[in-house]
Amino acid sequence: MSDAWEQAAVVPNFWLEAVEPLRDFYMEKLAFKHMMGIVGKDGKLDFAIVTLDKALLMMGRPQGAAEGVEVADASRPVELYVYVKDVDTYHAQVRDKVRIDSPLQTQWWGDRNFSVKDPCGYTLWFGQTVGELQPPPGVKMI
């Protein structure tokens, strides 16, 4: 296995009807690497893990009845934030392969980031810390 097991602090697991379309999207459009997969009795993937830098994403088909596993046009209530080594280079690598939802920009909290939406409706933010936290006027931080 990869060193990624030791690097990832939180690993989301997507449950969906078919693993291949989502895994292929992450690999072909977002440059994730296939780490491992488990093939089911029907010859299709039951489970897969993809990686990008220190991020791990798991995806699998539920073994029993489950709600919310179908591909959805609507946004999902969970967004993922993935830190990458060089967000400008990564943005240049993927921008012609996927629709960018939020443009690449530097935020007041010191991150430079952009977002995309995957085929299941999850928003993924890709970012890199490039500066110090500088709250805008009127923002009260505690």
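Treat the count of other C-beta atoms within 10 Å as a stand-in for reagent exposure and order Phe126, Phe14, Phe47 from fewest to most.
Details: Phe126 25, Phe14 20, Phe47 16.
Neighbour counts put them in this order, fewest first: Phe47, Phe14, Phe126.
Hey, in the GNM for the chain with a 10 angstrom Cα cutoff, which one of Ala55, Ala92, Ala18 fluctuates hardest?
In this elastic network of the chain, the residue with the biggest mean-square fluctuation among Ala55, Ala92, Ala18 is Ala92.
Kindly count the pairs of lysines across the chain whose alpha carbons are less than 26 Å apart, treating pairs on different chains or eight or more residues apart as eligible.
19
Between Pro136, Val84, Gly37, whose Cα lies farthest towards the positive end of the dipole of the chain when Lys and Arg beta carbons carry +1 and Asp and Glu beta carbons carry -1, centred on the Cα centre?
Pro136
As a footprinting exposure proxy, order Ile49, Ile142, Ile38 by other Cβ within 10 Å, with the fewest listed first.
Numbers: Ile49 24, Ile142 2, Ile38 12.
Ascending number of Cβ neighbours within 10 Å: Ile142, Ile38, Ile49.
For Ala92 and Val130, compute 0.36 nm times the residue count separating them, minus their Cα-Cα distance, and round to one decimal in nm.
Working: separation 38, 0.36 × 38 = 13.68 nm, distance 1.71 nm.
Additional length available on full extension: 12.0 nm.
If you filter the stretch 85-117 for trypsin sites (Lys or Arg not before Pro), then keep DSSP loop positions with at most 11 other Cβ within 10 Å, what is left?
Details: sites: Lys85, Arg95, Lys97, Arg99, Arg112, Lys117; in loops: Lys85, Arg95, Lys97, Arg99.
Counting only loop positions with at most 11 other Cβ atoms within 10 Å, the trypsin sites (Lys or Arg not before Pro) in the stretch 85-117 are Lys85, Arg99.
Taking only DSSP H segments of four or more residues, each worth -39500 (n - 2.57), what value at 222 nm results for the chain once the sum is divided by all its residues, to the nearest 500 deg cm²/dmol? Don't skip to the end; give the middle numbers.
Working: 3 runs with 24 residues, N = 142.
Roughly -4500 deg cm²/dmol at 222 nm, from the helical runs in the chain.
In the Gaussian network model of the chain, springs joining C-alpha atoms below 10 Å, which of Gly127, Gly110, Gly60 carries the largest mean-square fluctuation?
Gly110
With charges only on Cβ, +1 for K and R and -1 for D and E, what is the dipole size of the stretch 7-142 about its Cα centre, in debye, rounded to 20? Walk me through the numbers before you get to the answer.
On the way: 15 positive and 18 negative charges, 42 e Å.
Here the size comes out at about 200 debye.
Find the relative contact order for the chain and round it to a whole percent, using C-alpha pairs within less than 8 Å whose residues are 6+ positions apart.
With pairs under 8 Å counted, the relative contact order is 21 percent.
Hand me the trypsin sites (Lys or Arg not before Pro) from the stretch 19-56 located in a DSSP loop with no more than 13 other Cβ atoms within 10 Å, in residue order please. Numbers along the way, then the final one.
Values: sites: Arg23, Lys29, Lys33, Lys41, Lys44, Lys54; in loops: Lys41, Lys44, Lys54.
Answer in residue order: Lys41, Lys44.
Values in this text are rule-based calculations from the coordinates and carry no lab data. All values derive from a computational prediction rather than experimental measurement. No Cβ is skipped: glycine too gets one built from the backbone with ideal geometry, and neighbour counts run over all protein chains shown.
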